[in-house]
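Structure record follows, encoded as structure tokens.
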Amino acid sequence: MRITILSVGQRLPDWINQGVAEYHKRFPAELKVSLKEIPAGKRTKSSSTEKALKQECSRIIEAIPERDQIIVLDERGRKRNTRDLAENMANWLQEGENISFIIGGADGLHSELKEKARELWSLSDLTLPHGLARVLLMEQLYRAWTVINRHPYHRE
């Protein structure tokens, strides 16, 4: 199984990169998790946000590995808990599905990506900076893996 996280934005603070790296190194070899940074669309006084979102959308679509199922993270998406994620991950592992999670930038994501998605998920009712969403998603993916494998990291 492969999980790809496509996230708009580059040159994020070190603490974000360190957080992502910390959880990334914990994954077992059989669960391949990778992060692809997508350059933000150009924003100027004379160009619209819509145009920048469309640029980002094109870059994201090009970066999605072929045949991956797409899950968009969006504040209006379906709320999940850790057990839900673990159950989904167990199913993906069993079915041999590869998943791409998409995290938008400061202005969110173009509607075309949301339409292509298998599901829209919300990480929180709070509005999160996209860098923090990366760390939170990585941690929850690791936590879901520990639930599946009865590792003591997750406690209820």
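Of note:
- Residue match in the range 45-54 (condition: within 22 Å of residue 19 (Cα to Cα) and surrounded by 14 or more Cβ atoms within 10 Å (Cβ to Cβ)): no
- Summed over the range 63-83, the residues that are of a type in the set (S, T, N, Q) and either touching a Ser or Thr at 6+ places or on another chain (Cβ under 9 Å) or buried (at least 19 other Cβ atoms within 10 Å of the Cβ) (or both) give a count of 1.
- Annotation note: of 144, 90, 86, 117, the sole residue that is under 20 Å from residue 37 (Cα atoms) and either surrounded by 14 or more Cβ atoms within 10 Å (Cβ to Cβ) or without any contact (Cβ under 8 Å) to a residue 12 or more places away in the chain (or both) is 117.
- Selected residue (criterion: modelled with the lowest pLDDT) from residues of the range 42-73 that are among the β-branched types (Val, Ile, Thr) and over 16 Å from the mean Cα position of the chain (by Cα): 44
- If you filter the range 74-97 down to residues that are closer than 24 Å to residue 17 by Cβ and out of contact with any helix residue (DSSP H, G or I) (no Cβ under 6 Å at 6 or more places or on another chain), you find that the one that is modelled with the lowest pLDDT is 75.
The values are calculated or read from the model by the stated rules, or taken from the named source; none is laboratory data. Worth saying up front: this structure is predicted, and the values here are computed from it rather than measured. We place every Cβ from the backbone using ideal geometry, glycine too, and count neighbours over all the protein chains shown.
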